[in-house]
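The structure under discussion appears below in the form of structure tokens.
The values are calculated or read from the model by the stated rules, or taken from the named source; none is laboratory data. Because the structure is a prediction, the values reported are computed rather than measured. Note: ideal-geometry Cβ built from the backbone for every residue, glycine included; neighbour counts use all protein chains shown.
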């Protein structure tokens, strides 16, 4: 399955919630979910009873849209989550949160996860002092993520950091705003992941 290239706001409307795919627009009155909270398409206003499978599928699709991963990637992460000790659903979200593009977004070094993927690909960030240009790179506790010295002088990066200066940073990340770097204190617990995802439904879907 190819990466979705259509309008990002349609994905939010399809799931009926903000997926924060458009950066600052998602926090403004221009947000599509705020302006038109119906499912896209000619049958968007119809009221149909959603089946158990439908609920499980929507839970999976919501998580995929949040983090911008493909079906094959998501299935791979689920297999990884199953192989770890603990609750599979929580393990899955923890793995998704540890992606470099997500960490960059959480730190306020990008306005959205989509922008974070682009900036990581262009080599604007380092992990433990080494440039990493793979958005799906899985970070570990103790890793230090930073904006590269060359990119610190970029007007675009400066504008992004300034725009996100008031955005709260999760407790599992220790951000040094002066040095534009951060250390991963630990991978997040479920309580520290503020996304509206029913991970138990995802596990039920894959368990069929």
Residues located in the stretch 50-88, provided they are part of a loop (DSSP other than H, G, I, E, B) and either modelled with pLDDT under 80 or under 18 Å from residue 136 (Cβ atoms) (or both): 68, 69, 70, 84
Residue 91 fails exactly one of the following numbered conditions: (1) touching a strand residue (DSSP E or B) at 6+ places or on another chain (Cβ under 7 Å); (2) outside any loop (DSSP other than H, G, I, E, B). What is the number of that condition? (1)
Taking the stated definitions as given, is residue 205 more than 17 Å from the chain's Cα centre (by Cα), in a helix (DSSP H, G or I), touching a residue at least 60 places away in the same chain (Cβ under 8 Å) and surrounded by 13 or more Cβ atoms within 10 Å (Cβ to Cβ)? yes
Considering only residues of the stretch 152-178 that are more than 15 Å from residue 111 (Cβ to Cβ) and more than 19 Å from the chain's Cα centre (by Cα), which is surrounded by the most Cβ atoms within 10 Å (Cβ to Cβ)? 152
Among the residues of the stretch 112-134, which ones are surrounded by fewer than 22 Cβ atoms within 10 Å (Cβ to Cβ) and assigned to a loop (DSSP other than H, G, I, E, B)? 112, 122, 123, 128, 129, 132, 133, 134
